[in-house]
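Nothing in this text is a laboratory measurement; each read-out follows from the coordinates by a stated rule. What you see is a predicted model, and the numbers here were worked out from it, not measured in a lab. Quick reminder, even Gly has a Cβ in these numbers, built from the backbone with ideal geometry, and neighbours come from all protein chains shown.
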Amino acid sequence: MKNKNPCFLFLGSELGEKRAALDELRKNLNASYGSPAEESVYYAGEIPTGDIISNLQNSSLFADSRLFLIKNAENIRKKEDIDLFASYMASPQSDTVLVFISEENSISKGLEKAAPPGAKRVFYELSDSRKTEWVRDFFYKHGSKISNDSIQTILELVENNTEALARECSRLVHFLEKDKEISKEVNPEEIEKWLSHTREESAFTLFSRISTGDFIRSLESLRMLLAAKVDPIVIFSGLLWCFRKLRDYLSLEEAGIRDDFEYRKIGIIAPQAKRDYSSAARFYSSAGVESCISLTAEYDYKIRSAHTFPKYILMDEYLYKIHFEARNS
C-alpha cells in the first residue's frame with residue numbers, strides 16, 4: 001500500500017495554506033505512482049453519499065492513483081452518511097486518497113473519529129501581524145519593498161486569506177518595477193484603484209454595499225457570493241472584522257476626532273475604506289453597530305447549526321436585519 005495515510009481532513013478558513021497542502025499532497029501522490037492522479041471533486045449534500053462511496057470503491061480505468069475531494073464536509077451530518085464514510089475509511093482503496101475539506105474548524109465527530117491518526121489539519125486564519133508579514137514577504141520575494149500604509153490598504157481591500165492575497169498581490173506586482181519602494185512609486189490611492197478594478201466580490205465589497213444603505217445592491221452582492229460557493233462562515237468572518245472596525249471609527253467620531261493619523265492607528269487608510277466607514281456612520285449608531293456584531297454571531301451559529309434548512313434564506317434574513325433592524329437600534 002503506497003499511501004501510508006489515505007484519508008485526510010483539511011479544515012479551517014485559511015485557504016492559501018490549505019491549497020498549498022493540497023498541492024503538496026498531489027505532488028507526493030504523483031511521485032509515488034509516477035503519473036498524475038485522477039482527481040474527483042464532490043460537494044457534500046449535492047450527491048448521495050452512496051454514489052460517492054461506490055465511486056471510491058471502483059478502480060480507475062485510466063490512472064494508477066486517484067484523489068477524491070469532498071468539499072463542504074461540514075454538511076455531512078446524517079448518521080447513515082457518516083457511517084458509510086467511516087466504513088470506507090476503515091478499509092480504504094490502496095490507490096486512492098480521500099480528503100474532506102471544510103472552512104470550519106471541525107466537522108462531524110464521527111468523521112473525525114473514523115479518520116486515521118494525524119489525518120486532521122486545521123488551517124487557521126492568519127493574525128493581522130502574520131498577514132502583514134505575509135504581504136511584505138510576498139513583495140520582497142518578487143524584488144519589491146512595500147510600505148506599511150500600502151500593506152494596510154491591501155489588507156483593507158482583499159479577503160482575509162492568503163489565497164486571495166496571493167491572487168491580488170500577483171496582479172499588483174505585474175505593475176511594479178523591480179527593486180522600487182512602493183511607497184515612493186505607488187501610493188495607497190493607486191493600489192486601491194488597481195484592486196478596485198480587479199477584485200472579485202467578497203465580504204468587503206458586501207460591506208461597501210451595506211455602508212451605502214442600499215439593501216437591493218447588498219442583496220445582489222450576497223447572492224453573487226453564495227452563487228460562487230463562498231462559505232457563509234467566511235462572509236460572517238469578514239463582516240465581523242468590518243463591523244468591529246466601524247465600532248472603532250464611531251468611537252473616534254464621537255470623541256470629535258477626524259484625523260488621518262488616528263484613522264491609520266485603527267487600520268483605516270485606503271480612501272475607499274474611509275468612504276465606506278464614513279458612509280456607514282451615517283446609518284449606524286454605536287448601539288446599531290453592537291447590534292450588527294450580535295446579529296453576525298447569532299447567524300453564524302444558526303448557519304453552523306442548520307441541517308436541511310436552506311442557508312440562503314438565513315443569509316437573506318440576516319442581511320435584512322442588518323439593514324432594517326440594526327440601523328434603528
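Contact order, relative form, for segment 237-329: 34 percent (alpha carbon pairs under 8 Å, 6 or more residues apart, mean separation divided by residue count).
About its Cα centre, the dipole of the chain is roughly 380 debye, where the only charges are +1 on Lys and Arg Cβ and -1 on Asp and Glu Cβ. With 0.36 nm allotted per residue and the present C-alpha distance subtracted, the residue 124-residue 298 stretch has 60.5 nm of extension available. For segment 115-129, the Karplus equation 6.51 cos²θ - 1.76 cosθ + 1.60, evaluated at θ = phi - 60°, returns couplings of 5, x, x, x, 6, 7, 10, 10, 9, 7, 4, 5, 5, 4, 5 Hz by residue, with Gly and Pro reported as x. Comparing 44, 86, 63 in a Gaussian network model of the chain (Cα springs below 10 Å), the most mobile by mean-square fluctuation is 63. Computed over the chain, relative contact order equals 17 percent, with contacts defined as Cα pairs under 8 Å that lie 6+ residues apart. Of 278, 91, 294, the residue with the greatest mean-square motion in the GNM of the chain, using alpha carbon springs below 10 Å, is 91.
In loop segments of segment 250-301 as defined by DSSP, the trypsin sites (Lys or Arg not before Pro) with at most 15 further C-beta atoms inside 10 Å of their C-beta are 258, 282. Cut-off 20 Å, label point 7 angstrom out along Cα-to-Cβ of residue 30: give me the residues of segment 37-70 whose amide nitrogen falls inside. 37-42, 60-70, by backbone N distance to the label point. Derived scalar couplings between HN and Hα for segment 169-174 equal 5, 5, 5, 5, 4, 4 Hz in order, rounded to whole Hz, by the Karplus curve 6.51 cos²θ - 1.76 cosθ + 1.60 (θ = phi - 60°), x for Gly and Pro. Contact order for segment 7-122, expressed relative to its length and based on alpha carbon pairs under 8 Å spaced 6+ residues apart, stands at 42 percent. To the nearest ten degrees, helix 311-324 and the longest principal axis of the Cα atoms of the chain are 10 degrees apart. Most tightly packed first, judged by the mean number of other beta-carbon atoms within 10 Å of their residues, the peptides 219-226, 149-156 read 149-156, 219-226.
Within segment 13-85, list the chymotrypsin sites (Phe, Trp or Tyr not before Pro) lying in a DSSP loop whose Cβ has at most 13 other Cβ atoms in a 10 Å radius.
Passing both the DSSP loop test and the Cβ count: 62.
Note on residue 275 and residue 40: the extension gain reaches 80.2 nm, defined as 0.36 nm multiplied by sequence separation minus the Cα-Cα distance. Residues whose amide H falls under 5 Å from that of residue 125, counting only those 5 or more places apart or on a different chain, are 13, 14, with hydrogens built in the peptide plane. What are the aspartates and glutamates whose alpha-carbon lies under 16 Å from the alpha-carbon of residue 109, with same-chain residues fewer than 8 places away excluded? By straight Cα distance, residue 109 reaches 74, 80, 81, 83.
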